[in-house]
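Right, one structure below, let's go through it.
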Amino acid sequence: MIPGTVSLTPFFVICGLVCLFWLLVHCFMASRLDTFKLVILLLFIVFLTAGGDVMLGSLTGSDAVSHLVILISAPAIIPLSCIYFAHLSTPFHSKPEHFFWVVIPIALFTAALLITLLKGVPETDLLLEKIYSGYHLGLDKTLEGLDRVYYILTVVVFRGLMALETVIMLVYCGILIKRHHLKPSNWWGFLFKGRKISVLQVQMTLSLFILAGFSVKVFLHVPFYRLHPVVTLWVVAIISLLLFFFGMFALFGTKEFITEEEVGSALRYNFSRENKALVTEEMVLDMLDDLSGDSLTHVISRISMNKDALSDPFSVRRAGAPSLSAALFGNAKNWDEGSLVTRFQHLMQDEELFLQPGLTLGDVALRLDSNKTYISKMVNQTYGVGFPELLNIMRVDYAELYIRKNKNASQEEIAKASGFLSASSFNSTFKRITGYTPKVWASRKA
């Protein structure tokens with residue numbers, strides 16, 4: 001054994017135990033999440049990298065075993081993290097080619113295992129002791145044969161691979177930050193002002209700090225830990241804390257935004273994008289037995305107040321609201337600046353993109369750096385109507401204003417100004433939404 005390895009076991013085992021804790025929690029309480037399988041795999045790999053190597057090395061009495069564990073687990077963390085971020089960013093379906101990167105850690109592990117078997121475990125332990133005790137850039141020149149190959153593969157190539165993966169992850173995170181308009185100030189609003197924050201932003205931030213902690217563990221050799229136990233303890237404590245929060249926020253699955261109040265009840269979000277409606281319905285039904293008659297009446301009243309306009313948006317117009325689109329946008333929650341909903345509303349209301357004839361969902365997705373499926377689901381969940389209907393409602397509302405300002409305008413002119421492709425489609429859509437033809441509507445408002 002390398003001097004100091006056993007004494008480090010109680011420290012790094014803490015990181016592994018945190019991963020095991022959240023792994024069990026997710027297995028028993030979060031199996032319906034979109035990200036369940038990916039998070040389980042990620043937590044297991046992190047467990048091996050954070051403390052599993054030290055555990056196995058201590059149990060077997062061999063640093064060669066510990067080294068093999070690190071070789072196959074550490075290079076897997078960053079690619080898995082990037083795939084996890086992709087799941088949080090947009091609806092994402094893993095494909096076999098997304099896991100082609102596993103060839104690299106498997107190749108390193110296989111090569112190291114073969115050399116270990118050829119040399120023998122005791123001899124490999126002695127080689128590792130020599131490597132760690134005399135670690136410097138020119139060490140490979142003093143080694144010969146299999147020793148030199150082992151050093152180059154498991155130290156030089158391994159650390160180079162980790163550095164390259166780190167750069168790739170930083171670039172990918174930068175792309176996601178730009179695409180989703182994530183800002184450091186969002187953390188301040190989340191922690192101190194009760195505002196929403198993107199789950200993607202939370203998990204990316206935690207992952208980057210965890211990666212920094214792992215870099216200290218992977219890149220510094222064992223004698224450093226032995227000579228600086230206080231630094232080691234601090235590194236372990238910080239990694240363990242970050243891993244704890246990572247596992248907790250992973251319970252939100254692919255939920256886009258969360259508030260500080262929701263953090264304490266993360267387990268209730270055990271559903272995926274596809275089964276959300278069914279699971280939430282089951283949750284509500286399960287809680288009915290705990291509600292008294294007065295409580296149930298109050299809850300139903302609140303649901304009615306919040307949902308009536310969205311379930312029957314045309315009732316807003318019948319009730320005398322200024323415009324149907326204003327009611328729909330007004331009923332949407334107040335989202336953080338930079339969120340997808342806020343950017344969508346800015347695009348449609350402030351930039352008046354709905355006036356563009358032939359506007360498609362793909363055009364909007366392109367402007368928002370997202371995809372059509374995600375935008376479609378967001379519109380349905382936020383406004384209670386589909387994108388084409390929301391587009392028609394906004395165009396009809398604009399047509400009403402145009403008619404008031406231009407009383408002598410023809411139907412063709414109104415249709416063109418409002419974003420309709422033809423006067424006939426404008427006439428039929430206007431009548432369906434308002435209940436009147438444009439001419440009758442204009443005469444009633446005269």
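Quick note: the coordinates plus some simple rules give every number you see, no bench work behind them. Computed from a prediction, not measured in an experiment: that's the story for all the values here. Reconstructed Cβ throughout: ideal geometry from the backbone, glycine too, with neighbour counts over all protein chains shown.
Going by amide H atoms built from the backbone, whose H comes under 5 Å of the H on Phe257, apart from near neighbours?
Counting only residues 5 or more places away or on other chains, the set is Val199.
Report the charge-dipole magnitude of segment 321-445 in Debye, nearest 20, computed about the Cα centre from +1 at each Lys and Arg Cβ and -1 at each Asp and Glu Cβ. Write out the running numbers ahead of the final one.
Working: 15 positive and 12 negative charges, 120 e Å.
Value, rounded to 20: 580 debye.
Taking a point 7 angstrom from the Cα of Leu153 along the C-beta vector, which residues in segment 66-90 have backbone N less than 18 Å away?
Those under the cut-off are 66-76.
Do you know the relative contact order of segment 5-269, to the nearest whole percent, from alpha carbon pairs under 8 angstrom that are 6+ apart?
On the way: 270 pairs, mean separation 70.2, N = 265.
Here the relative contact order equals 27 percent.
So, R0 is 22 Å and r is the distance between the beta-carbons of Val263 and Lys193; what FRET efficiency does that work out to, to 0.05?
Result of the calculation: an efficiency of 0.90.
Given a Förster distance of 51 angstrom, what is the FRET efficiency for Val440 paired with Phe99, based on the Cβ-Cβ distance and rounded to 0.05? Don't skip to the answer; put the middle values down first.
Values: r = 62 Å, r/R0 = 1.21.
FRET efficiency, Val440 to Phe99: 0.25.
So what J values fall out for segment 409-417 if you push phi through Karplus, 6.51 cos²θ - 1.76 cosθ + 1.60 with θ = phi - 60°, rounded to Hz, Gly and Pro as x?
Those phi angles translate into 5, 7, 4, 4, 5, 5, 4, 5, 5 Hz.
Per residue of segment 28-45, in order, report the coupling 6.51 cos²θ - 1.76 cosθ + 1.60 (Karplus, θ = phi - 60°) as ³J(HN,Hα) in whole Hz, putting x for Gly and Pro.
Running phi through 6.51 cos²θ - 1.76 cosθ + 1.60 with θ = phi - 60° gives 8, 10, 9, 6, 9, 6, 4, 9, 4, 4, 5, 5, 4, 5, 5, 5, 5, 5 Hz.
Among 356-363, 67-74, 148-155, 106-113, how do they line up by average Cβ neighbours within 10 Å per residue, starting with the highest? Before the final figure, lay out each step's value.
Numbers: 356-363: 13.0, 67-74: 22.2, 148-155: 18.5, 106-113: 16.8.
So the order, starting with the most tightly packed, is 67-74, 148-155, 106-113, 356-363.
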